[in-house]
Structure formats: structure tokens, C-alpha cells
Amino acid sequence: MRTQPCHSLWFIAGVFAAAGMFATKSSAQTAGQFTNVSATNLPALGAATEAAKFADLDLDGDLDLVYANGGDANNQQSRVLFNRGLAQAGGGALGAIGTYLDRTTTNLTPNFTQSSRDVQIVDLDNDGDFDFYFSNHSQAVNQSNTWFINQGQAQGGAAGVFVRDMSRWVGLGAAGSSVPGALVINSGNFAGGFVDWSCQCDFADVDFDGDMDLFHTSYGSGFNALVMSRLYLNGFGTTLGSFKEYNPSNAVSGNPNLAAGSAAGFAEGVQQNNTANTTGLEHDITNMSLDADFSDMDGDFDLDIYANSRDTRQRFYQSRFFENGGNLGNGTTTRLYRDVTNAWAPGLTDASSNYDGDLNDMDLDNDTDLYALNGLAGFTDGWLLNNGTGALGANNTVPSSGADDNEIDWLDYNNDGDVDVYISAFASPDKFYRNQFVETASVNLALVSGVISGTTPSRSLAADPGDMDNDGDLDIIVAEDAGIDEVLLRNNINVPDPIAPRVPGLIPLAGGPATSAPRVVLARAYDNANQEYFEHGTGVLNFTVNGSPKTAPLKYAGGNVWRGVIPGYWFGTIQYSVAITDRKGNTGNSITRTVNVTSTGLSNFGTSTPGCAGAHAISGNSAPTIGNTEFVVNVTNCPPSTTQLLLASNSQGVGGDPFGLGLTNGMWVDLFFATEVYALDLFVNGGGLGSTAITIPNVSGLIGVNYYMQGIIVNFACSLPPFNISGSNGLQLTIQG
């Protein structure tokens, strides 16, 4: 039985230009805009391919390909292909960018067959390169979803070489896991995983700790819609890049089905098939899920879940991260997710053969809407618009859509700023729908003919837009079923994407005292390309601390959300904004927000013995928290461009002058009874400000420990009897957690 290639939803929001205006529309061609170049640009690998996706696998700047093979045809070898344009360039037609070489035998190891329906391309271990997660099914042979780790970066090998690593599953069948022990696989290529029937999973940073977590879907044995979907958190009580189940009740599912009344799983309440409850007392997490996507549906910056279902009710799970106070919940009355299907999609038709649904901002109002493939009666597609709270309105019919199609993907093929639709049609020619929101100020999808020059794909299960030839427009790779060769469609518009991402949402931060915990900055963003295309973009968090400019990385967190952190040790007036740049180089900026953070852990005592330029004041630039790598002690009114002395100990001085140095107002650092004494260089700039940088170790045992510091200044350019020495007042550091 055919299922959708669990495509990873790509988010693409049409984009406004600066100052809130629409981008200038291009005079885009339509007839023959895409040319089928498969014969010249792709190796003929004919297989049952359920997903084909672009990504820069070897970090050379061009987009490579990975195919997930098998599906209903059962076990086949998945494939990895490399773009021959940059690192692989060999000159001539076969070395041109946008042509591909199959390197499966050397770059995907070990070679073995899987019944794959999808592959997710994601940086699992935060090392800067992409890894693979294949979704497999056990219809013919028991098997697990599999992890393949890129051997570049942290692994110290060659980028673009992928090695299976099933140790990324942690705790399966053990305490806390809902997977029955009998379903854990102990031998063979899938050892370390568990038996399941998975189509398309998705990754996002659901707990905002900086790594990508996994929503693992299942459609059940024989498509019975009785096996639960599961949530796995990256580094959850284990190492980064390893995944352990979030299952607060510690309940175990059946073997394999989840029984009604069970509390197992990631959502509040107990299992009840087709529940209409939205208060958290019940959930349904056993739908026939062929696709799952993350997005901030309700505008609160955390990542909600849309779980497509082929023949049963499609579900929406609201993230309760911020409702829980910024945490996973207490595990009993509160959990990370709540089933809110009947509140968010009360009018969504429960038609059969819902092979896909996808989220995007179709009407450019800064929320995510739903396109439901085969979502209405008779295989008719529909779209539903979000009112900004997560609630979807009435079904709208997509014209000329009554075929048994398989997947929807978004791309702005005419560069006008709203998102258009590409349909992988399975048993008929693929289709383009042009979104005419920019022209008409309302969503109006019009079927466009003649867009493809050459043979139109007609047995496709999925597609993926991406710029294969680095010319700035989006091309399309199409996954073909039944042993047919994949199709590569080159975009001939020859106009680089002019649309910058728009960043309409920036989370307001709470003030309070400085702390070792970072202040997490979240932004909602949209672009005129598939959601996962954001993974090829870059982001920057810009902030100032009392006017001093600083930057930090901003990382795609899944769905329509980006994440960055302002170190928690900064205090004062902090202004922050974000900038997101797409792969073409277009940059979108957010508004600027301000948060006021109070100082903690620093106090002055004693008085200065003035120098020739006056009294010396000592201060810290940030809170002395564990893990503070940017802590600096400053002393004013020093002789310019000299090196002076900073004394520090763990015992406070009483203000005497035991060495007879002429410090009339005393020594504020005890050097006699201290068990720790430090003499540090104090580097003075041309303006007379002396500074010493001190890294505070990330050691919890330091919390609450006091240190005392004082600047000792020697100035031979003036007379300070008896030894030209002066000193600052004292600074007490109480190390903070």
C-alpha cells in the first residue's frame, strides 16, 4: 500500500521587503520555466524512491542529494549523490555545477538495504555538518529507523562520509522508555533500534537547549493507526547527539499497540482514540501519521506539532513549554504537549488518503496556515487559514485538485513574495499552483500549465526545491516510484531570489538579576522557500550591553523559529535584535527590544589610595557566574599604556599597610591568611583603564565562594611618597550559579 514519502515540511512564508512593503514582483516566465535535465545531470539509478532532498553534505558550498529508497517495494539501498560543481569539479559537462555523481558505495557506510520512506537531514550533534535519519517500516522485515553520522567536523574525518551509528538511541526498552523490551532489536544492521512503522519524522529544538530533538511518528502495523508517536530529546540525560524518550509517566506501550487509557507518551492525559478533548485530560497519539511538522502555530514562540494522518483524524499538539513556565512540565498534570485538535482544527475534514499536509504563511499575515493534500472529499485538496492563535478557519477548495496526489512542497517560483505550490502527483503529471495573494490580497491558488519543458514527472512521491546550480533560483528534485529514475528540474528564470526572510516576531525577555543561565532569544521567521531551506541560511543575534556592541550565533531551531542566547552574566541595559540571511544572501532584520538586568555578585568595599590622576575605582564588567568566559576586572585612572598589578585572594584585607608601601587607605586583599593568592597583570590602555580578563570555571562547587581584589598602581612619572604607589578600593566577588 502506497504511503507518502514523509517529506520534511518546508516552511516558506512570502516575504515583505523593508518597511513592510511587498517585494517588487519579477516579470517571471511561466511557459517552460523549468526544464527536465535528468538525462544530462543525474545518474540513472531507478529505484522505489520515496524522498529525495538537497543539502550541502560536504560543506563545499553546493547542494548535494540523498535518496530514501525502499518504501512499499521494501528493502532497497538508499543513495547519496554529490554535486560536481565545486569540490568535485572535474571540468567539462560532467564537472559542471548541478550535475551529480553517485558515491553511495564509498560515502554511505555500511551499504545495506532498508525499507525507507524518508530521510531527515539535520545536524544531530551540533558540529556544523549535516547528518541523516532514515525513517523505515517493518511491513516485510522488522527494522528500525537508522542514524548516519557525518564524519566531518567533530568526528575528525572527511565531510560527506556517513557512518551508521545506532548507539544514538539511548534507553530503549529500559526504565522510562515506552518501547516494549520485546521490540528492541539486538542484532543485525538495525541493532540498537526498535521495530516500528515510520514514514516521516521531524526535528526541532522543542526544549530550547540548543540542539535538535526528534518527533518520531508511526502509522502502525498494516496501517492500523494503533502505534504511538514518540518524542525523543537530544542529550536528555545523555550526551549531545544521542536521543532518549520524553515519557513522563514512564508507562510502557503494548506490544506494539497503545491501549486506551494509557498515560504513556509526550502529551498530557491518557490515550483515547479520536478524542475531542482539548483540556489535557485525553490525547490521541496513535493516528496514522505519514507526515509531521513543527511550527509556532499560536504565536507564543514555542514549537507546536501538526501530525498528518492518512485515514484518521489529523492531529495538532500544542507545545506547553511557556505555559509550563519555560520547562518540560511536572510530568503528571503538565507535560510538554497537549492535544488541541478540536480547538485548532474543528472544521478539518476527516477524508481518507490524506498523504500529506504542510504549513506555511500563505496570506503573509505572520502565522502558519495549512495546505491539506487530499484533505476534502474525493481527493480534493484544501487550505485553511490561521487566525493567529493556532485556530484554523474554514476549508477552501483547491481548484482542479481531485487526483490521488502524494505531497505538497512550497516555493516562490515566480519571485513575487508569496509562496506557490508544487504537487507530487503520484499517478498523474505533477502540478504547479500559483498563489496570487500579492496580486489579489487574498489566497487564490491557480493551476498553471506548461511550466515544465520536457517530460513532466508522473510517478512522483515527493519533491524538494533547492538551488542546485548556485544561480540564485530554486530548482526541484523529484523522487520517483516504481523503479523510475529521479527527475531534476532546472529553473530557467535566471533571476536570483530577491526576497529577504522576514522576521516579524522577537520574544520579549524578562529582566531580573544576572545569572549563569543564558537568556534565550527566540525569533519567528519566514522565507519564500521550504522551511528546511532555512538550514542553509545563517543568523546573527546582535546586542549591546550598556551601549557596547556584541554578537552571538543565531541558529535555526526548526519550524519557523530561530534561537540564540545572550549570556546571562551581562547586566545593565541590553538591547537586542536578530538578522537572518538566506542561502542567496538576502538578509531580514527583526525589531530591537530592550531588557534591563540587575547586577549580582559584585560589591565594593574600602577606599582608594589616590594616584596622580585621582582615585582608582575597581569594578567588574559582568556578573561573576560560573562559566563566565568574559569576566573582566577594570581599574580606572592608571598610567596610560603600562602594565600594573591586580591582587586577588580568598581573604579580605582590613585596610592596613603592612608592607609600608604608602597605601594610606590600606590593603584590601589579605595576603597572610588567605589560602589562595593571585598576582595578575593589569593591562592599561591609552585612556588609563586597566583590565584583567578572568575565566571563571564552570564548576558548581565555586558557587558562593568569595574572592577579594585590588589594583596596585606604580607611577614613576609623578611623586607619591614613599614608593610612587597607589591603590584602588576593594572588589568582592561572590561566585554566582
| Where only protein heavy atoms count, and the probe is 1.4 Å, what is the accessible area per residue for the chain in Å²? | 33
| message | Residue by residue through the stretch 454-460, what is 3J(HN,Hα) from phi via Karplus (6.51 cos²θ - 1.76 cosθ + 1.60, θ = phi - 60°)? Round to whole Hz and write x for glycine and proline. | response | x, 5, 7, x, 9, 9, 8
| request: May I have the extent of the alpha carbons of the stretch 91-191 along their three principal axes, as whole Å values ordered from largest to smallest? | output: 56, 32, 19
| Got a number for carbon plus sulfur as a percent of the stretch 438-555's accessible area, 1.4 Å probe? | 53
| Phi-based couplings in Hz for the stretch 611-624 (Karplus 6.51, -1.76, 1.60; Gly and Pro marked x) | x, 5, 8, x, 5, 9, 9, 10, 7, x, 7, 7, 6, x
| query | Mind listing the phi-derived Karplus ³J(HN,Hα) values for the stretch 140-154, rounded to whole Hz, using 6.51, -1.76 and 1.60 with θ = phi - 60°, and x for any glycine or proline? | reply | 9, 9, 4, 7, 10, 5, 10, 9, 10, 9, 5, 7, x, 6, 4
| request: Evaluate the distance, in nm, between pseudo-label points positioned 7 Å from the Cα of Val705 and of Asn387 along their respective Cα→Cβ axes. | output: 5.8
| task | Taking 7 Å along the Cα-to-C-beta vector as the label spot, tell me the Ala96-Ala260 distance in nanometres, rounded to one decimal. | result | 6.2
| field | Whichever lysines have a C-alpha closer than 29 Å to that of Lys53, once near sequence neighbours (fewer than 8 apart) are set aside | value | Lys25, Lys244, Lys431, Lys555, Lys584
| Spacing of the two label points (7 Å from each Cα toward its C-beta) at Thr643 and Thr113, in nm | 7.0
| note | In whole percents, the bins of 10 Å from zero upward hold the Cα-Cα pairs of the stretch 633-677 as 25, 47, 27, 1
| task | Work out the FRET efficiency for Ala140 and Ala427 from their Cβ-Cβ distance, taking R0 = 30 Å, and round it to the nearest 0.05. | result | 0.85
| Cα gyration tensor shape of the stretch 616-737, rounded if a/c is under 1.5, else prolate or oblate by comparing a/b with b/c | oblate
| field | the stretch 244-283: radius of gyration over Cα atoms, expressed as a fraction of 2.2 N^0.38 Å | value | 1.12
| request: Specify, per residue and in Å³, the volume enclosed by the convex hull of the alpha carbon atoms belonging to the stretch 408-560. | output: 166
| Full extension from Thr239 to Leu86: what is 0.36 nm times the residue separation minus their Cα-Cα distance, to one decimal in nm? | 51.6 nm
| field | Of all accessible heavy-atom area on the stretch 203-292, the percent that carbon and sulfur account for (1.4 Å) | value | 50
| the stretch 557-638 - percent of accessible surface contributed by carbon and sulfur, probe 1.4 Å | 48
| task | Would you kindly work out the equivalent ellipsoid of the chain from its C-alpha gyration tensor and give its semi-axes, the square roots of five times the eigenvalues, largest first in whole Å? | result | 54, 29, 25
| task | Pull out the extension gain between Thr675 and Asn126, defined as 0.36 nm times the separation in residues minus the alpha carbon to alpha carbon distance; nm, one decimal. | result | 193.6 nm
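The values are calculated or read from the model by the stated rules, or taken from the named source; none is laboratory data. Just so you know, these numbers come straight off a predicted model, no measurement behind them. Cβ coordinates were reconstructed from backbone atoms using ideal geometry, including for glycine residues, and neighbour counts include every protein chain displayed. SASA here: full protein model, heavy atoms, side chains in, ligands and nucleic acids out. Shrake-Rupley method; radii C 1.70, N 1.55, O 1.52, S 1.80 Å.
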